[in-house]
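Step one of this worksheet: look at the structure below.
The values are calculated or read from the model by the stated rules, or taken from the named source; none is laboratory data. Worth saying up front: this structure is predicted, and the values here are computed from it rather than measured. With ideal geometry, Cβ positions are generated from the backbone for all residues, glycine too; neighbour counts draw on all protein chains shown. Heavy atoms of the whole protein, side chains included, go into the accessibility calculation; ligands, DNA and RNA do not. Shrake-Rupley method; radii C 1.70, N 1.55, O 1.52, S 1.80 Å.
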Number of protein chains: 2
Amino acid sequence: MNAPSNPETTVAIKSPVMAKNDAIASENRRRIESLDLLGVNIMSSPGSGKTSLLECMAQRLGNDLVVIEGDVQTRRDAERIERAGCRAYQIETRGACHLDAQAVSRALDALRLAPREHKILVIENVGNLVCPSGYDLGEHVRVGLLSVPEGDDKVLKYPALFSRISVLVIAKIDLLPYLDFDPARAIAECRSLSPDIRVFQLSAKTGQGVDALADFLAERARQQHPATAP
Amino acid sequence: MNAPSNPETTVAIKSPVMAKNDAIASENRRRIESLDLLGVNIMSSPGSGKTSLLECMAQRLGNDLVVIEGDVQTRRDAERIERAGCRAYQIETRGACHLDAQAVSRALDALRLAPREHKILVIENVGNLVCPSGYDLGEHVRVGLLSVPEGDDKVLKYPALFSRISVLVIAKIDLLPYLDFDPARAIAECRSLSPDIRVFQLSAKTGQGVDALADFLAERARQQHPATAP
(Lines give C-alpha, C1' and ligand atoms only; values in the text may rest on other atoms or scores of the structure.)
Protein backbone atom coordinates (compact mmCIF):
# COMPACT_ATOMS: atom_id res chain seq x y z
CA MET A 1 0.00 0.00 0.00
CA ASN A 2 1.27 3.45 -0.90
CA ALA A 3 1.30 6.22 1.65
CA PRO A 4 -1.14 8.96 0.73
CA SER A 5 0.62 11.85 -0.98
CA ASN A 6 -1.32 14.45 0.97
CA PRO A 7 -1.92 12.88 4.35
CA GLU A 8 -4.51 14.71 6.38
CA THR A 9 -3.45 15.88 9.78
CA THR A 10 -5.31 14.35 12.70
CA VAL A 11 -5.94 16.80 15.50
CA ALA A 12 -7.18 15.50 18.84
CA ILE A 13 -9.86 17.79 20.23
CA LYS A 14 -10.04 17.69 24.00
CA SER A 15 -13.38 18.43 25.67
CA PRO A 16 -13.49 21.44 28.02
CA VAL A 17 -14.15 19.06 30.95
CA MET A 18 -11.04 16.99 30.22
CA ALA A 19 -8.90 20.07 29.54
CA LYS A 20 -9.92 21.47 32.94
CA ASN A 21 -9.20 18.10 34.60
CA ASP A 22 -5.76 17.95 32.98
CA ALA A 23 -4.90 21.48 34.13
CA ILE A 24 -5.83 20.64 37.74
CA ALA A 25 -3.95 17.32 37.44
CA SER A 26 -0.79 19.17 36.41
CA GLU A 27 -1.17 21.45 39.41
CA ASN A 28 -1.70 18.36 41.65
CA ARG A 29 1.51 16.85 40.24
CA ARG A 30 3.46 20.00 41.11
CA ARG A 31 2.02 19.95 44.65
CA ILE A 32 2.83 16.24 45.08
CA GLU A 33 6.40 16.86 43.88
CA SER A 34 6.78 19.88 46.15
CA LEU A 35 6.01 17.54 49.07
CA ASP A 36 8.80 15.16 47.90
CA LEU A 37 6.17 12.50 47.22
CA LEU A 38 5.78 9.91 44.47
CA GLY A 39 2.14 9.85 43.31
CA VAL A 40 0.61 6.46 42.46
CA ASN A 41 -2.89 5.91 41.02
CA ILE A 42 -4.19 2.34 41.50
CA MET A 43 -7.12 1.23 39.35
CA SER A 44 -9.05 -2.04 39.18
CA SER A 45 -12.47 -3.68 39.33
CA PRO A 46 -14.41 -3.51 42.59
CA GLY A 47 -13.27 -6.22 44.97
CA SER A 48 -10.05 -7.10 43.20
CA GLY A 49 -8.02 -6.38 46.32
CA LYS A 50 -6.67 -2.81 46.10
CA THR A 51 -7.40 -2.04 49.75
CA SER A 52 -6.09 -5.41 50.99
CA LEU A 53 -2.87 -4.77 49.08
CA LEU A 54 -2.58 -1.28 50.61
CA GLU A 55 -3.13 -2.71 54.12
CA CYS A 56 -0.26 -5.10 53.40
CA MET A 57 1.91 -2.27 52.02
CA ALA A 58 1.08 -0.10 55.05
CA GLN A 59 2.62 -2.73 57.30
CA ARG A 60 5.81 -2.64 55.22
CA LEU A 61 6.10 1.06 54.39
CA GLY A 62 4.64 2.49 57.61
CA ASN A 63 4.74 6.25 57.74
CA ASP A 64 6.45 6.42 54.33
CA LEU A 65 2.98 5.78 52.86
CA VAL A 66 -0.07 8.05 52.81
CA VAL A 67 -3.29 7.01 51.07
CA ILE A 68 -6.21 8.79 49.41
CA GLU A 69 -9.15 6.39 49.14
CA GLY A 70 -11.82 6.82 46.45
CA ASP A 71 -15.20 5.17 46.87
CA VAL A 72 -18.70 5.86 45.67
CA GLN A 73 -19.92 5.60 49.23
CA THR A 74 -18.78 4.61 52.78
CA ARG A 75 -15.55 5.39 54.70
CA ARG A 76 -14.79 1.68 55.04
CA ASP A 77 -11.56 1.64 53.06
CA ALA A 78 -9.90 4.64 54.77
CA GLU A 79 -10.76 3.09 58.13
CA ARG A 80 -9.07 -0.17 57.05
CA ILE A 81 -5.90 1.67 56.01
CA GLU A 82 -5.83 3.67 59.25
CA ARG A 83 -6.17 0.44 61.25
CA ALA A 84 -3.18 -0.92 59.30
CA GLY A 85 -1.14 2.00 60.59
CA CYS A 86 -1.14 4.57 57.79
CA ARG A 87 -2.64 7.97 57.34
CA ALA A 88 -5.62 7.87 54.96
CA TYR A 89 -8.17 10.31 53.60
CA GLN A 90 -11.49 9.13 52.19
CA ILE A 91 -13.10 10.71 49.13
CA GLU A 92 -16.74 9.69 48.79
CA THR A 93 -17.73 10.46 45.20
CA ARG A 94 -21.49 10.23 45.98
CA GLY A 95 -22.41 8.50 42.76
CA ALA A 96 -19.51 9.43 40.48
CA CYS A 97 -17.86 6.39 38.93
CA HIS A 98 -14.27 7.66 39.03
CA LEU A 99 -11.98 10.12 40.76
CA ASP A 100 -11.06 13.34 39.01
CA ALA A 101 -8.24 15.80 39.60
CA GLN A 102 -10.51 18.25 41.43
CA ALA A 103 -11.44 15.61 44.03
CA VAL A 104 -7.76 14.80 44.59
CA SER A 105 -6.94 18.51 44.87
CA ARG A 106 -9.53 18.87 47.65
CA ALA A 107 -8.14 15.78 49.38
CA LEU A 108 -4.64 17.31 49.27
CA ASP A 109 -6.07 20.51 50.81
CA ALA A 110 -7.65 18.48 53.61
CA LEU A 111 -4.56 16.34 54.28
CA ARG A 112 -2.32 19.42 54.81
CA LEU A 113 0.84 17.39 54.23
CA ALA A 114 4.26 18.80 55.09
CA PRO A 115 7.27 18.26 52.79
CA ARG A 116 9.04 14.93 53.45
CA GLU A 117 6.35 13.88 55.92
CA HIS A 118 5.76 10.80 53.73
CA LYS A 119 7.39 9.34 50.60
CA ILE A 120 4.64 7.65 48.59
CA LEU A 121 1.10 8.93 48.04
CA VAL A 122 -1.18 6.17 46.78
CA ILE A 123 -4.54 7.20 45.36
CA GLU A 124 -6.91 4.23 45.32
CA ASN A 125 -9.40 4.93 42.55
CA VAL A 126 -13.08 3.92 42.53
CA GLY A 127 -13.44 0.22 41.67
CA ASN A 128 -14.22 0.42 37.95
CA LEU A 129 -12.28 -0.88 34.93
CA VAL A 130 -13.73 1.65 32.49
CA CYS A 131 -14.17 5.25 33.60
CA PRO A 132 -11.17 6.02 35.87
CA SER A 133 -8.60 5.41 33.13
CA GLY A 134 -9.51 8.60 31.27
CA TYR A 135 -8.72 10.94 34.17
CA ASP A 136 -5.22 12.10 35.00
CA LEU A 137 -5.14 12.80 38.75
CA GLY A 138 -1.61 14.17 38.91
CA GLU A 139 0.08 10.83 39.60
CA HIS A 140 3.52 9.69 38.41
CA VAL A 141 2.81 5.95 38.26
CA ARG A 142 -0.40 4.29 37.05
CA VAL A 143 -0.98 0.80 38.39
CA GLY A 144 -3.62 -1.57 36.98
CA LEU A 145 -4.56 -4.42 39.27
CA LEU A 146 -6.17 -7.60 37.93
CA SER A 147 -7.13 -10.32 40.38
CA VAL A 148 -7.03 -14.02 39.60
CA PRO A 149 -10.79 -14.63 40.15
CA GLU A 150 -11.66 -12.00 37.51
CA GLY A 151 -10.25 -14.15 34.74
CA ASP A 152 -7.28 -13.89 32.37
CA ASP A 153 -9.43 -12.48 29.55
CA LYS A 154 -9.98 -9.04 31.04
CA VAL A 155 -7.04 -7.10 29.60
CA LEU A 156 -8.32 -6.93 26.03
CA LYS A 157 -11.90 -6.43 27.23
CA TYR A 158 -10.82 -3.22 29.02
CA PRO A 159 -8.00 -1.94 26.80
CA ALA A 160 -8.45 1.74 27.69
CA LEU A 161 -7.24 1.02 31.21
CA PHE A 162 -4.61 -1.63 30.51
CA SER A 163 -3.01 0.44 27.71
CA ARG A 164 -2.54 3.44 30.03
CA ILE A 165 -0.70 1.81 32.93
CA SER A 166 3.00 1.28 33.49
CA VAL A 167 2.64 -1.35 36.25
CA LEU A 168 0.42 -4.45 36.09
CA VAL A 169 -0.32 -6.19 39.39
CA ILE A 170 -1.77 -9.69 39.24
CA ALA A 171 -3.38 -10.08 42.67
CA LYS A 172 -4.78 -12.98 44.74
CA ILE A 173 -2.29 -15.48 43.28
CA ASP A 174 -2.98 -17.69 46.33
CA LEU A 175 -6.20 -18.61 44.45
CA LEU A 176 -4.39 -19.87 41.31
CA PRO A 177 -4.77 -23.57 42.35
CA TYR A 178 -8.57 -23.20 42.45
CA LEU A 179 -9.18 -21.18 39.26
CA ASP A 180 -8.43 -21.37 35.56
CA PHE A 181 -6.28 -18.26 35.25
CA ASP A 182 -3.18 -18.20 33.07
CA PRO A 183 -0.90 -15.35 34.21
CA ALA A 184 1.14 -15.69 30.98
CA ARG A 185 -1.96 -14.92 28.91
CA ALA A 186 -2.86 -11.80 30.91
CA ILE A 187 0.74 -10.57 30.82
CA ALA A 188 1.13 -11.21 27.08
CA GLU A 189 -2.12 -9.38 26.31
CA CYS A 190 -1.06 -6.48 28.54
CA ARG A 191 2.37 -6.33 26.82
CA SER A 192 0.56 -6.17 23.46
CA LEU A 193 -0.93 -2.87 24.69
CA SER A 194 1.98 -1.58 26.85
CA PRO A 195 5.24 -3.28 25.78
CA ASP A 196 7.34 -1.86 28.64
CA ILE A 197 4.97 -2.72 31.45
CA ARG A 198 6.39 -3.89 34.80
CA VAL A 199 4.54 -6.90 36.21
CA PHE A 200 4.16 -7.96 39.85
CA GLN A 201 2.33 -11.13 40.89
CA LEU A 202 1.33 -11.14 44.53
CA SER A 203 -1.05 -12.17 47.26
CA ALA A 204 -2.04 -9.75 50.01
CA LYS A 205 -3.37 -12.77 51.92
CA THR A 206 -0.07 -14.67 52.11
CA GLY A 207 2.15 -11.63 51.58
CA GLN A 208 3.91 -13.34 48.65
CA GLY A 209 5.28 -10.77 46.19
CA VAL A 210 4.21 -7.68 48.15
CA ASP A 211 7.77 -6.77 49.16
CA ALA A 212 8.81 -6.61 45.50
CA LEU A 213 6.10 -4.05 44.70
CA ALA A 214 6.79 -2.04 47.88
CA ASP A 215 10.53 -2.03 47.07
CA PHE A 216 9.85 -0.94 43.48
CA LEU A 217 7.70 2.00 44.57
CA ALA A 218 10.17 3.00 47.31
CA GLU A 219 12.99 2.95 44.74
CA ARG A 220 10.93 5.04 42.30
CA ALA A 221 10.28 7.53 45.11
CA ARG A 222 14.03 7.68 45.86
CA GLN A 223 14.87 8.25 42.17
CA GLN A 224 12.34 11.05 41.98
CA HIS A 225 13.39 12.79 45.17
CA PRO A 226 17.02 11.95 45.93
CA ALA A 227 17.81 12.51 49.58
CA THR A 228 18.93 16.08 50.17
CA ALA A 229 19.48 15.87 53.92
CA PRO A 230 21.37 13.31 56.05
CA MET B 1 -39.41 17.32 65.73
CA ASN B 2 -42.27 19.22 64.13
CA ALA B 3 -42.97 18.89 60.44
CA PRO B 4 -42.37 22.14 58.62
CA SER B 5 -45.60 24.07 58.14
CA ASN B 6 -44.77 24.95 54.57
CA PRO B 7 -42.80 22.02 53.24
CA GLU B 8 -41.07 22.69 49.98
CA THR B 9 -41.92 20.37 47.17
CA THR B 10 -39.07 18.28 45.81
CA VAL B 11 -39.27 17.78 42.07
CA ALA B 12 -37.00 15.27 40.38
CA ILE B 13 -35.66 16.75 37.17
CA LYS B 14 -34.70 14.14 34.60
CA SER B 15 -31.97 15.05 32.14
CA PRO B 16 -32.92 15.01 28.45
CA VAL B 17 -30.48 12.11 27.93
CA MET B 18 -32.16 9.97 30.62
CA ALA B 19 -35.68 10.93 29.45
CA LYS B 20 -34.77 9.77 25.94
CA ASN B 21 -33.24 6.55 27.33
CA ASP B 22 -36.39 5.84 29.35
CA ALA B 23 -38.65 6.39 26.33
CA ILE B 24 -36.62 3.93 24.24
CA ALA B 25 -36.52 1.50 27.20
CA SER B 26 -40.33 1.54 27.38
CA GLU B 27 -40.49 0.80 23.65
CA ASN B 28 -37.95 -2.05 24.16
CA ARG B 29 -40.14 -3.47 26.93
CA ARG B 30 -43.17 -3.48 24.62
CA ARG B 31 -41.12 -5.22 21.90
CA ILE B 32 -39.78 -7.82 24.36
CA GLU B 33 -43.33 -8.50 25.61
CA SER B 34 -44.67 -8.75 22.06
CA LEU B 35 -42.14 -11.57 21.52
CA ASP B 36 -43.49 -13.38 24.64
CA LEU B 37 -40.12 -12.90 26.32
CA LEU B 38 -39.11 -12.11 29.87
CA GLY B 39 -36.36 -9.46 29.84
CA VAL B 40 -33.55 -9.83 32.39
CA ASN B 41 -30.71 -7.31 32.92
CA ILE B 42 -27.68 -8.78 34.75
CA MET B 43 -25.21 -6.34 36.29
CA SER B 44 -21.96 -6.89 38.22
CA SER B 45 -18.27 -6.07 38.43
CA PRO B 46 -15.98 -7.25 35.65
CA GLY B 47 -14.97 -10.87 36.16
CA SER B 48 -17.60 -11.73 38.74
CA GLY B 49 -18.92 -14.56 36.60
CA LYS B 50 -21.90 -13.30 34.60
CA THR B 51 -20.84 -15.08 31.41
CA SER B 52 -19.90 -18.30 33.21
CA LEU B 53 -23.34 -18.29 34.84
CA LEU B 54 -25.01 -17.76 31.44
CA GLU B 55 -23.00 -20.62 29.93
CA CYS B 56 -24.31 -22.79 32.76
CA MET B 57 -27.87 -21.51 32.26
CA ALA B 58 -27.60 -22.11 28.50
CA GLN B 59 -26.98 -25.79 29.16
CA ARG B 60 -30.15 -25.94 31.28
CA LEU B 61 -32.49 -23.64 29.34
CA GLY B 62 -31.25 -24.41 25.82
CA ASN B 63 -33.25 -22.65 23.14
CA ASP B 64 -35.54 -21.06 25.74
CA LEU B 65 -32.71 -18.59 26.36
CA VAL B 66 -31.37 -15.84 24.10
CA VAL B 67 -28.59 -13.51 25.23
CA ILE B 68 -27.48 -9.97 24.43
CA GLU B 69 -23.88 -9.48 25.56
CA GLY B 70 -22.53 -6.05 26.47
CA ASP B 71 -18.79 -5.42 26.52
CA VAL B 72 -16.54 -2.44 26.02
CA GLN B 73 -14.56 -4.43 23.50
CA THR B 74 -14.17 -7.97 22.03
CA ARG B 75 -16.77 -10.55 20.96
CA ARG B 76 -15.40 -13.08 23.48
CA ASP B 77 -18.52 -13.37 25.63
CA ALA B 78 -21.02 -13.89 22.79
CA GLU B 79 -18.73 -16.57 21.37
CA ARG B 80 -18.70 -18.35 24.75
CA ILE B 81 -22.52 -18.30 24.95
CA GLU B 82 -22.83 -19.58 21.38
CA ARG B 83 -20.43 -22.42 22.16
CA ALA B 84 -22.64 -23.28 25.15
CA GLY B 85 -25.53 -23.76 22.73
CA CYS B 86 -27.52 -20.51 22.87
CA ARG B 87 -28.15 -17.72 20.45
CA ALA B 88 -26.19 -14.58 21.44
CA TYR B 89 -25.67 -11.10 20.07
CA GLN B 90 -22.65 -9.01 21.03
CA ILE B 91 -22.84 -5.27 21.65
CA GLU B 92 -19.37 -3.68 21.72
CA THR B 93 -19.81 -0.30 23.39
CA ARG B 94 -16.41 0.98 22.13
CA GLY B 95 -15.52 2.80 25.30
CA ALA B 96 -18.93 3.37 26.89
CA CYS B 97 -19.07 2.05 30.44
CA HIS B 98 -22.68 0.79 30.36
CA LEU B 99 -25.44 -0.34 28.01
CA ASP B 100 -28.26 2.04 27.19
CA ALA B 101 -31.71 1.42 25.76
CA GLN B 102 -30.66 2.55 22.27
CA ALA B 103 -27.92 -0.10 22.10
CA VAL B 104 -30.42 -2.79 23.17
CA SER B 105 -32.94 -1.53 20.61
CA ARG B 106 -30.35 -1.95 17.84
CA ALA B 107 -29.48 -5.44 19.14
CA LEU B 108 -33.19 -6.37 18.99
CA ASP B 109 -33.29 -5.10 15.39
CA ALA B 110 -30.28 -7.26 14.52
CA LEU B 111 -31.57 -10.40 16.29
CA ARG B 112 -34.88 -10.34 14.32
CA LEU B 113 -36.57 -12.58 16.88
CA ALA B 114 -39.92 -14.22 16.12
CA PRO B 115 -42.68 -14.42 18.78
CA ARG B 116 -42.27 -17.48 21.07
CA GLU B 117 -38.93 -18.36 19.47
CA HIS B 118 -37.38 -18.09 22.95
CA LYS B 119 -38.70 -17.48 26.48
CA ILE B 120 -36.05 -15.53 28.37
CA LEU B 121 -33.91 -12.69 27.01
CA VAL B 122 -30.90 -12.04 29.24
CA ILE B 123 -28.99 -8.81 28.69
CA GLU B 124 -25.52 -9.08 30.20
CA ASN B 125 -24.47 -5.53 30.99
CA VAL B 126 -20.92 -4.14 30.84
CA GLY B 127 -18.92 -5.22 33.91
CA ASN B 128 -19.25 -2.15 36.13
CA LEU B 129 -20.90 -1.71 39.54
CA VAL B 130 -21.58 2.01 39.09
CA CYS B 131 -22.78 3.29 35.74
CA PRO B 132 -25.13 0.56 34.38
CA SER B 133 -27.58 0.84 37.27
CA GLY B 134 -28.91 4.22 36.11
CA TYR B 135 -30.06 2.99 32.70
CA ASP B 136 -33.38 1.22 32.16
CA LEU B 137 -32.91 -1.09 29.15
CA GLY B 138 -36.51 -2.31 28.94
CA GLU B 139 -36.02 -5.34 31.20
CA HIS B 140 -38.55 -6.85 33.62
CA VAL B 141 -36.07 -8.27 36.13
CA ARG B 142 -32.85 -6.63 37.34
CA VAL B 143 -30.28 -9.03 38.71
CA GLY B 144 -27.22 -7.91 40.67
CA LEU B 145 -24.42 -10.45 40.87
CA LEU B 146 -21.78 -10.31 43.60
CA SER B 147 -19.02 -12.90 43.58
CA VAL B 148 -17.38 -14.26 46.72
CA PRO B 149 -13.83 -13.02 45.85
CA GLU B 150 -15.09 -9.42 45.63
CA GLY B 151 -15.82 -9.31 49.35
CA ASP B 152 -18.94 -9.06 51.48
CA ASP B 153 -18.56 -5.28 51.91
CA LYS B 154 -19.51 -4.30 48.36
CA VAL B 155 -23.28 -3.83 48.71
CA LEU B 156 -23.14 -0.61 50.73
CA LYS B 157 -20.16 0.65 48.71
CA TYR B 158 -22.28 0.46 45.53
CA PRO B 159 -25.78 1.21 46.82
CA ALA B 160 -27.10 2.68 43.56
CA LEU B 161 -26.90 -0.75 41.95
CA PHE B 162 -27.88 -2.94 44.88
CA SER B 163 -30.91 -0.77 45.74
CA ARG B 164 -32.31 -1.10 42.19
CA ILE B 165 -32.29 -4.87 41.79
CA SER B 166 -34.96 -7.44 42.65
CA VAL B 167 -32.64 -10.48 42.52
CA LEU B 168 -29.26 -10.81 44.24
CA VAL B 169 -26.99 -13.60 43.03
CA ILE B 170 -24.02 -14.53 45.20
CA ALA B 171 -21.69 -16.29 42.77
CA LYS B 172 -18.56 -18.46 43.03
CA ILE B 173 -19.67 -20.00 46.34
CA ASP B 174 -17.24 -22.86 45.64
CA LEU B 175 -14.56 -20.37 46.79
CA LEU B 176 -16.14 -19.78 50.22
CA PRO B 177 -13.69 -22.16 51.97
CA TYR B 178 -10.73 -20.09 50.76
CA LEU B 179 -12.00 -16.56 51.40
CA ASP B 180 -13.39 -14.45 54.22
CA PHE B 181 -16.84 -13.78 52.79
CA ASP B 182 -19.93 -13.82 54.97
CA PRO B 183 -23.01 -14.35 52.76
CA ALA B 184 -25.27 -13.32 55.67
CA ARG B 185 -23.61 -9.90 55.82
CA ALA B 186 -23.99 -9.25 52.07
CA ILE B 187 -27.63 -10.42 52.13
CA ALA B 188 -28.50 -8.34 55.23
CA GLU B 189 -26.93 -5.22 53.72
CA CYS B 190 -28.78 -5.83 50.44
CA ARG B 191 -32.09 -6.34 52.31
CA SER B 192 -31.46 -2.99 54.06
CA LEU B 193 -31.64 -1.42 50.58
CA SER B 194 -34.19 -3.74 48.91
CA PRO B 195 -36.27 -5.53 51.58
CA ASP B 196 -38.08 -7.88 49.15
CA ILE B 197 -35.00 -9.03 47.28
CA ARG B 198 -34.78 -12.68 46.15
CA VAL B 199 -31.38 -14.24 46.83
CA PHE B 200 -29.67 -17.11 45.01
CA GLN B 201 -26.29 -18.51 46.07
CA LEU B 202 -24.61 -20.52 43.34
CA SER B 203 -21.45 -21.71 41.63
CA ALA B 204 -21.25 -21.90 37.86
CA LYS B 205 -18.14 -24.05 38.32
CA THR B 206 -19.83 -26.84 40.30
CA GLY B 207 -23.37 -26.08 39.09
CA GLN B 208 -24.63 -25.82 42.69
CA GLY B 209 -27.64 -23.51 42.89
CA VAL B 210 -27.88 -22.75 39.18
CA ASP B 211 -31.06 -24.81 38.71
CA ALA B 212 -32.87 -22.73 41.34
CA LEU B 213 -32.14 -19.49 39.46
CA ALA B 214 -32.99 -21.02 36.07
CA ASP B 215 -36.28 -22.38 37.51
CA PHE B 216 -37.11 -19.00 39.05
CA LEU B 217 -36.60 -17.16 35.75
CA ALA B 218 -38.51 -19.82 33.77
CA GLU B 219 -41.41 -19.51 36.24
CA ARG B 220 -41.36 -15.70 35.97
CA ALA B 221 -41.45 -16.06 32.16
CA ARG B 222 -44.45 -18.42 32.45
CA GLN B 223 -46.29 -16.00 34.78
CA GLN B 224 -45.69 -13.14 32.38
CA HIS B 225 -46.72 -15.01 29.24
CA PRO B 226 -49.14 -17.80 30.20
CA ALA B 227 -49.27 -20.45 27.50
CA THR B 228 -51.90 -19.56 24.94
CA ALA B 229 -51.46 -22.58 22.68
CA PRO B 230 -51.47 -26.31 23.45
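Computed from the alpha carbon atoms alone, the convex hull of region B:146-211 holds 74 Å³ per residue. The share of C-alpha pairs in region A:20-76 whose separation exceeds 16 Å stands at 57 percent. Suppose R0 equals 25 Å. What FRET efficiency, 1/(1 + (r/R0)^6) with r the Cβ-Cβ distance, do residue A:83 and residue A:63 give to the nearest 0.05? Approximately 0.95, to the nearest 0.05.
Annotation for residue A:75, label-to-label distances across the other copies: 5.1 nm (shortest first, one decimal, point 7 Å from Cα along Cα→Cβ). Chain B residue nearest the axis that carries B onto A, by Cβ, with distance in whole Å, is B:149, 2. In chain B, taking the dipole from charged Cβ atoms about the Cα centre, the farthest positive-side position among B:48, B:178, B:105 is held by B:105.
Inter-copy label distances at residue A:226, using a point 7 Å along Cα-to-Cβ, come to 8.4 nm with the shortest given first. Among A:112, A:191, A:83, the largest mean-square fluctuation in a Gaussian network model of chain A, built with springs joining Cα atoms closer than 10 Å, belongs to A:112. Work out the length of the dipole vector of chain A about its Cα centre, built from +1 on the beta-carbon of each Lys and Arg and -1 on the beta-carbon of each Asp and Glu, and round it to the nearest 20 debye. Value, rounded to 20: 340 debye. In nanometres and ascending order, the distances from the residue B:212 label point to those of the other copies are 4.1 (point 7 Å from Cα along Cα→Cβ).
Working from Cα pairs under 8 Å separated by at least six residues, relative contact order for region B:8-109 is 26 percent.
Put a plus charge on the Cβ of each Lys and Arg, a minus charge on the Cβ of each Asp and Glu, and nothing anywhere else: the dipole of the protein assembly as shown about its Cα centre is then about 360 debye. How high is the relative contact order of chain B, given as a whole-number percent (alpha carbon pairs under 8 Å, six or more residues apart)? Dividing the mean separation by the residue count of chain B yields 24 percent. Its residue count N sets the reference 2.2 N^0.38 Å, and the alpha-carbon radius of gyration of region A:79-118 equals 1.32 times that reference.
Calculated mean residue ellipticity, 222 nm, chain B: -11000 deg cm²/dmol, from DSSP H runs (n ≥ 4) at -39500 (n - 2.57) each, averaged per residue and rounded to 500. Over region B:86-213, Cα pairs under 8 Å with separation of 6+ residues give a relative contact order of 20 percent.
Each 5 Å bin from 0 upward holds the following percent of the Cα-Cα pairs of region A:103-191: 2, 12, 22, 20, 15, 12, 8, 6, 3, 0.
Centre-to-centre separation between the Cα atoms of region B:197-220 and those of region B:135-164: 16 Å. Counting every alpha-carbon pair across the protein assembly as shown, the share separated by more than 39 Å comes to 26%.
Its residue count N fixes a reference of 2.2 N^0.38 Å for region B:7-122, and the Cα radius of gyration divided by that reference is 1.18. Rolling a 1.4 Å probe across the protein heavy atoms gives the protein assembly as shown an accessible surface of 44 Å² per residue.
Neighbouring Cβ atoms from other chains, within 10 Å of the Cβ of residues in B:147-160, number 6 on average. On the principal axes of its alpha-carbon atoms, chain A has extents of 60, 45, 41 Å, going from largest to smallest.
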